[in-house]
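The values are calculated or read from the model by the stated rules, or taken from the named source; none is laboratory data. Quick caveat, the model's predicted, so the values are computed rather than measured. Backbone-built Cβ (ideal geometry, glycine too); neighbour counts: all protein chains shown. For the accessible areas, the whole protein counts, side chains as well, though only heavy atoms, and no ligand, DNA or RNA atoms are used. Shrake-Rupley method; radii C 1.70, N 1.55, O 1.52, S 1.80 Å.
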Amino acid sequence: MTRPNQPISPVGSMTVATRALVTLGLLISLVLSIGCESMKASQTFSNAIGFGGIPPVDLEEQYINEDSEFLEIRGMRIHYRDVGEGPVIILVHGIFSSLHTWDGWVEELRKSNRVITLDLPGFGLTGGPEDIEQFDVEFVYAVFKNFIQYMDAEHFTLAGNSFGGYLSARYAIDHPDKVDRLILIDPSGYSHGDRPLVFKMASTPVVSSIMKVFQPPFMITRNVKRNYGDPEKLTKENLYRYVHMAQRQGAKPLYVKTLQMLGEDKAKTTDMSFSGVKAPTLLMWGEADAWTPLKLSERWMADLRNVKLITYPDVGHMPMEEIPFQTVSDAITFLADAPGAGDAEEDTFRSIKKTTGEDLESLINDSNEFQELSEEEVKRMEQDLK
């Protein structure tokens with residue numbers, strides 16, 4: 001009998017928890033296997049109740065296409081696609097996602113651009129490093145930089161969603177000579193107190209140990225649906241893909257590690273500043289985003305000078321997946337209208353929401369576009385802003 005003040009062995013605790021979860025998993029499978037779409041997506045009974053994993057070769061058979069390529073970086077096979085010709089745009093997905101989240105954008109952008117997408121380390125068909133202890137934000141960022149080097153692009157636009165937005169903004173600060181334009185879609189990077197439940201679960205020692213071996217499909221479904229403003233827009237194809245990628249062999253502990261490292265960042269009271277971004281930036285935000293609330297856009301608007309904000313009512317954390325046609329149309333308009341990085345007229349691109357009467361005089365003096373305005377026209381513009 002264990003004394004109350006004696007620490008319980010992690011191994012013993014894990015064994016008891018695993019036995020309990022096997023029983024729970026069996027009960028869940030009996031209740032949900034008939035009607036739950038996420039259960040139907042599972043390849044085996046073990047996957048369906050939250051255990052086991054899908055071999056990478058099986059996932060590749062289903063999720064690669066004629067455009068898929070693989071590149072070895074730091075011992076990992078990075079899955080990517082490089083399509084189209086013209087100005088280069090690199091699209092970067094968020095956590096637990098994959099390059100497939102950009103399919104709607106790629107279809108349109110490839111008509112006039114060279115479009116590069118990749119599965120970040122830890123996700124999609126790329127997977128993570130053999131040593132999971134290597135896997136952290138700095139590791140992912142280092143691999144991301146290496147990948148861009150291999151793409152041999154002198155200048156390009158970066159577009160990133162969620163964690164991909166953080167990576168893109170950070171890269172734009174570190175390499176202002178390469179990034180001509182920046183598109184950030186519900187980006188992470190600033191902390192906030194309201195962490196989703198799944199982050200809190202991963203930060204609890206006993207629960208996180210369980211999650212490393214047991215993640216029932218309905219948990220994946222719940223979190224994906226939570227990231228949609230309108231769950232009805234979540235297609236069966238997208239839902240099944242999220243479930244399958246979460247069931248990839250080795251994915252469970254990597255997912256837990258991701259939640260832990262990003263959950264710590266979300267809870268911080270201090271943040272890095274993104275004021276070093278020089279590229280003209282389009283900030284896109286789903287107003288119904290429960291993971292990175294719309295209020296965080298105010299932090300980005302305060303830090304970025306050369307920025308425009310577009311928000312989407314009733315849309316969640318992944319606007320480019322939930323409403324691909326509308327968002328890619330806005331992105332194409334931005335790419336056509338935005339001045340290049342470092343242009344003399346860059347200040348004229350600032351969002352009207354951020355321009356104030358105090359800014360107007362310097363804006364007019366710095367831009368040739370307004371040099372011929374009369375005093376009466378300037379006063380009228382000031383009144384409009386008020």
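For region 276-294, which positions are open to solvent by 10 Å² or more (accessible area, probe 1.4 Å), part of a loop (DSSP other than H, G, I, E, B) and either in contact with a strand residue (DSSP E or B) (Cβ under 6 Å, 6 or more places away or on another chain) or among the polar types (S, T, N, Q) (or both)?
Scanning region 276-294 gives a single hit, E287.
If the requirement is being touching a Leu at 6+ places or on another chain (Cβ under 9 Å), farther than 20 Å from E138 by Cα and among the polar types (S, T, N, Q), which of these qualifies: S68, S98?
S68
Testing P217 on (1) of a type outside the set (K, R); (2) under 30 Å from S275 (Cα atoms); (3) modelled with pLDDT under 90; (4) buried (at least 21 other Cβ atoms within 10 Å of the Cβ), one condition comes back false. Which one is that?
Only one criterion in (1) of a type outside the set (K, R); (2) under 30 Å from S275 (Cα atoms); (3) modelled with pLDDT under 90; (4) buried (at least 21 other Cβ atoms within 10 Å of the Cβ) is unmet by P217, namely (2).
With respect to A279, determine if the residue is within 24 Å of R181 (Cα to Cα), at pLDDT 95 or above and not β-branched (V, I, T).
yes
Kindly indicate whether A290 is at pLDDT below 95 and touching a Lys or Arg at 6+ places or on another chain (Cβ under 6 Å).
Here the answer is yes, as A290 does meet what is asked.
Any residue in region 216-227 that's polar (S, T, N, Q) and assigned to a helix (DSSP H, G or I): show its pairings with residues that are buried (at least 17 other Cβ atoms within 10 Å of the Cβ) and modelled with pLDDT under 90 at Cβ separation under 6 Å, as long as the two are six or more apart or on different chains.
T221/S38; N223/V198
Residues checked against (1) over 20 Å from L184 (Cα atoms); (2) out of contact with any Ser or Thr (no Cβ under 9 Å at 6 or more places or on another chain):
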residue: S68; (1), (2): yes, yes
residue: R77; (1), (2): yes, no
residue: I95; (1), (2): no, no
residue: S98; (1), (2): no, no
residue: W102; (1), (2): no, no
residue: V106; (1), (2): no, no
residue: L109; (1), (2): no, yes
residue: G124; (1), (2): yes, no
residue: D136; (1), (2): yes, yes
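Just to verify a result, which residue in region 74-90, among those that are over 21 Å from M320 (Cα atoms) and not in a loop (DSSP other than H, G, I, E, B), is most open to solvent (accessible area, probe 1.4 Å)?
R77
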